[in-house]
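Reviewing the structure listed below.
Each value in this text was obtained by applying a stated rule to the coordinates, not by laboratory testing. All values derive from a computational prediction rather than experimental measurement. Positions of Cβ are generated from backbone atoms using ideal geometry, with glycine treated the same way; all protein chains shown enter the neighbour counts.
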Amino acid sequence: MEVVKVENVTRVYRMGEVETHALRGVSLSIENSEFTALVGPSGSGKTTLLQLIGCLDQPSSGKVFINGKDVSKLNRSRRADTRRGTIGFIFQFFALIPTLTAYENIEMPLLLTGESANGRRERVRHLLEAVDLKDRANHRPDQLSGGEQQRVAIARALATQPALILADEPTANLDTPNGKQVMEIMTRLNQETGVTFVFATHDPRVIQFARRVITLRDGLVTDNNGKGK
């Protein structure tokens, strides 16, 4: 089953009379349970593509389908609804709420869905165990290492049991041991839960974990090695 399908997508940014073509006609599909890396140099279009798949932006032309639904022309409110129900995000700079504990950061998406108190408690405890942070539940972000903060972000992304997790440079601010641990946890969660992971990166440490690598350059897909390393 296709979780993501992109058909001949372009994205043009305009600044006055200057046009920047970030994507120049990209087509690809990503199936359920894949663990896929979007790779390429800075300016290749990988982050732009991730934003379109994540319903954070709209293509200039072409179509983006999430779980078979065309999200290309949805208004901002409808895109937000799609994100809330289907997509989890992991950001380079963690994006945790600094005044909340690890437990509370993970719980936040569940509050927005109206999950019961007992349901939230069970889900958050399960996720804290899944990312090996059970003993850090009551610590705020400034009391956690970078690796621990990213593991909280992974747990938060999984809180609502989305079909798709998008990660933008998930190891960029981590040292080698923490980056490796984060990728090992993401790999394990992909295998255990079947959730699809797509991550944009230029980090060789991350690329080696991918089961599929899609290479972009100058806004075009230049290599798509399919499944398997």
Item to check | Antiparallel bridges, percent of DSSP beta bridges restricted to the stretch 97-229 (to nearest 5) | outcome: 45
Checklist outcome for this item: Diffusion coefficient in µm²/s returned for the stretch 127-229 by Stokes-Einstein, Kirkwood Rh over C-alpha pairs, 4 °C and 1.567 mPa s, is 89
Item to check | Size of charge dipole - the stretch 1-126 - debye, nearest 20, with Cβ of Lys, Arg +1 and Asp, Glu -1, no other charges | outcome: 220
Item to check | Equivalent ellipsoid semi-axes, the stretch 64-195, via Cα gyration tensor eigenvalues times 5, rooted, Å | outcome: 24, 18, 14
Item to check | ³J(HN,Hα), Karplus 6.51/-1.76/1.60, whole Hz, each residue of the stretch 209-218, x for Gly, Pro | outcome: 7, 5, 8, 8, 10, 10, 9, 10, 8, 6
Checklist outcome for this item: Among 30, 44, 8, the residue whose Cα sits farthest towards the positive end of the charge dipole of the stretch 1-57, when +1 is placed on the Cβ of each Lys and Arg and -1 on the Cβ of each Asp and Glu, is 44
Checklist entry - So, how do all the Cα-to-Cα distances of the chain break down into 5 Å bins, in percent, from 0 on up? => result 1, 7, 15, 18, 19, 16, 12, 7, 3, 1, 0, 0
Next on the checklist: Looking only at the chain, where both bridge partners belong to it, what percent of the DSSP beta bridges are antiparallel (to the nearest 5)?
Outcome noted: 55
Checklist outcome for this item: Given 150-160, 50-60, 199-209, 164-174, the highest-first ranking by average Cβ count within 10 Å works out to 150-160, 164-174, 50-60, 199-209
Checklist entry - If you place +1 on the Cβ of every Lys and Arg and -1 on the Cβ of every Asp and Glu, how big does the dipole about the Cα centre of the chain come out, in debye to the nearest 20? => result 400
Checklist entry - Does the stretch 1-59 come out rounded, prolate or oblate, given a ≥ b ≥ c as the square roots of the eigenvalues of its C-alpha gyration tensor, rounded meaning a/c under 1.5 and, failing that, prolate meaning a/b above b/c? => result prolate
Checklist entry - So for the stretch 32-74, Kirkwood radius off the Cα pairs, Stokes-Einstein at 10 °C and 1.306 mPa s: how many µm² s⁻¹? => result 138
Checklist entry - Expressed as a whole number of Å, what is the distance separating the alpha-carbon centroids of the stretch 101-180 and the stretch 1-34? => result 29
Item to check | 222 nm mean residue ellipticity, helices alone, for the chain (DSSP H n ≥ 4; -39,500 (n - 2.57); rounded to 500) | outcome: -10500 deg cm²/dmol
Checklist entry - Considering amide H positions built from the backbone, and no H for Pro or chain starts, which residues 5 or more places from residue 40, or on another chain, come under 5 Å of its amide H? => result 201, 216
Checklist entry - In units of 2.2 N^0.38 Å, what is the alpha-carbon radius of gyration of the stretch 43-100? => result 1.24
